[in-house]
Every structure is written in C-alpha cells, then in structure tokens.
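Okay, so here's the structure we're looking at.
The values are calculated or read from the model by the stated rules, or taken from the named source; none is laboratory data. All figures in this text were calculated on a predicted structure; none of them were measured in a lab. As a convention, Cβ positions derive from the backbone with ideal geometry for all residues, glycine included, and neighbour counts pool all protein chains shown.
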Amino acid sequence: MENFNNNYNNSNLKDIVHDLKTPITSIMGFIELLKQGSYDKKSTLEFYDIILEESQKLLRMVNNILYVCKGDSKYNNNICNLNIQIDKHVKELTPLARKRNIDIKINIRSKNIYVSIPEDKMSRILTNIIENAIKYNKEYGKIFIDVYEENEKVFVKIRDTGIGIPENEIGEVFNKYYRSSISKKLSVEGAGLGLAIANDIVREYNGSINVTSALNQYTEFIISFPISHMEK
Ligand SMILES: Nc1ncnc2c1ncn2[C@@H]1O[C@H](COP(=O)(O)OP(=O)(O)OP(=O)(O)O)[C@@H](O)[C@H]1O
Ligand SMILES: [Mg+2]
C-alpha cells in the first residue's frame, strides 16, 4: 500500500501553504479594523467571532498539513471513546455550521463505544468529514450523524443535504488533492487533503469508509471500525 506520509508532492503542498494566507489575511484585516476602535459593540463582537472562526479554520488546515508531513509517531493512548469524540467535534464545528444555518442532528443508539485508535487520529477523521458536510452543504441544510453497532463493529454515518459529488468523480474522492468540479466552480476553499487523510487512517486501523452521493441532493459517508469494548 502507498505510504501516505512519504508520498506528498511538494508543488501541491506549496499551493496548500499558499491557501493558509487567506485566513491569515482575514484575521489581520479584522484586527486592523478593531484597532481603529470606531465600531459599535455588535460589530466589534462580530469581528471577534470572525477572528475566532478563521483561527479555528487555520488550525484545522495546519493539523492536516502536519499529518501529511510527519512520519508515523507513537501514541500512548490507543483507545478512544467514540461517543465523546463525536460530541466534542460536533460542538467544535457548530459555530461554522450556524454561520451557514445548518442544523446537525446526532443519533447515537449505543452507550459508550470504544475503538482502538488514538484520539488525535479519530479527530482527523471526524473533523474532516463533518467539516466537509458543512462546507459542501447548502444554506439551511441538514447533517445527520448516526452511530450504531452491528456484528461487533461500530458504524458512523454522516449524511448531508448538500451539493453532492458528480457520479463520474465519486471514485476519486479519497485521492490526495482531489477537488470536485462543482466545489471548484462554487469557489469553496479546500486543499483536497482531508478525505485522503481520513481514508489513510481508517485503513491503518482495520476500518472501512464508503461514500454515496447524488448531485445536488446528498452525500453520505459511512465509516466502520471493529469495537474494542462497550458499556452495555
Ligand atoms: N460532503 C461532501 N459533499 C460534496 N462534496 C464533497 C463532500 N466531501 C468532500 N467533497 C468533495 O471532495 C473533495 C475532497 O475533499 P477533502 O476533504 O479531501 O478536501 P477539501 O475539503 O477540498 O480540503 P481540506 O484538505 O481542507 O479538507 C472536496 O474538495 C469536495 O469537492
Ligand atoms: Mg475537507
């Protein structure tokens, strides 16, 4: 199997690092505005919100780039509580969803489920897929996150009511640097790294990841992992 970490392409990475300039420029612009000090309280709070959101976006981008650049490291804690991780990441991404009036519904049918994956790797998977479900959704769209168990495996289904992926491109979604023709046309920002990273981690931990989509209707990712143990 291809070694993801050692196989990145420098010129693509250059483009990605170039994309980091967008949130940085935005943060600097709003700090400049705040320094002028001539805005009412409502606008000032809005500027702070934008600075916070752009900083969070920057952090997510940097985390993906770090994952691609670093070799495999050793982690102490190889078990994570899936229920807690899902809750945590939905909470973190809720401000981004609110900005687009997107509603996230979580339906977890089991008590605490544990899987044998380091937390920071599970974090890469969930952040990237949920962030996509927000970014490539429509205004006032919905996201449904379902967690269920079957035959000693846990399934996480993340479905959005968004722009979808063209049928002839669906086989490419896990390729590094892939960006759909539709999202490029709509000028949604992205580096094309998130799903390649998620796919890489899922495979490393004996999981599976599948995607189905219909243009302009929905996209659904189903991730599954062997259950380490669970609370009945
Ligand atoms: N839920 C989705 N709905 C529609 N298109 C999607 C969805 N998720 C991914 N895509 C398409 O697949 C492409 C690859 O996704 P991926 O997450 O790997 O990269 P990205 O979002 O462009 O950038 P980033 O590296 O910041 O995540 C996206 O650019 C988009 O075109
Ligand atoms: Mg993405």
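Points worth noting:
- Checking every residue in the stretch 49-72 against the condition of being in contact (Cβ under 8 Å) with a residue 12 or more places away in the chain, out of contact with any Lys or Arg (no Cβ under 7 Å at 6 or more places or on another chain), exposed (fewer than 15 other Cβ atoms within 10 Å of the Cβ) and within 23 Å of residue 208 (Cβ to Cβ) gives at least one match.
- Selection status of residue 143, closer than 19 Å to residue 59 by Cα, touching a residue at least 40 places away in the same chain (Cβ under 8 Å) and either surrounded by fewer than 17 Cβ atoms within 10 Å (Cβ to Cβ) or hydrophobic (A, V, I, L, M, F, W, C) (or both): no
- Verdict on residue 117 being more than 13 Å from ligand 1 (Cβ to nearest atom), part of a loop (DSSP other than H, G, I, E, B), in the same structural domain as residue 218 (by TED's automatic domain parsing) and not aromatic (Phe, Trp, Tyr): yes
- Every residue from the stretch 141-162 that is over 19 Å from the mean Cα position of the chain (by Cα) and not in a strand (DSSP E or B): 151, 152
- Check on residue 101, in contact with a strand residue (DSSP E or B) (Cβ under 8 Å, 6 or more places away or on another chain), outside any helix (DSSP H, G or I) and more than 16 Å from ligand 2 (Cβ to nearest atom): no
- Among residues of the stretch 217-230 being in contact with a Lys or Arg (Cβ under 9 Å, 6 or more places away or on another chain) and of a type in the set (S, T, N, Q), the one that is farthest from residue 153 (Cα to Cα) is 219.
- The stretch 173-232, residues that are among the small types (Gly, Ala, Ser), within 22 Å of residue 102 (Cα to Cα) and away from ligand 2 (no atom under 16 Å from the Cβ): 214
- Annotation: of all residues in the stretch 176-229 being more than 10 Å from ligand 1 (Cβ to nearest atom) and hydroxyl-bearing (Ser, Thr, Tyr), the one that is surrounded by the most Cβ atoms within 10 Å (Cβ to Cβ) is 224.
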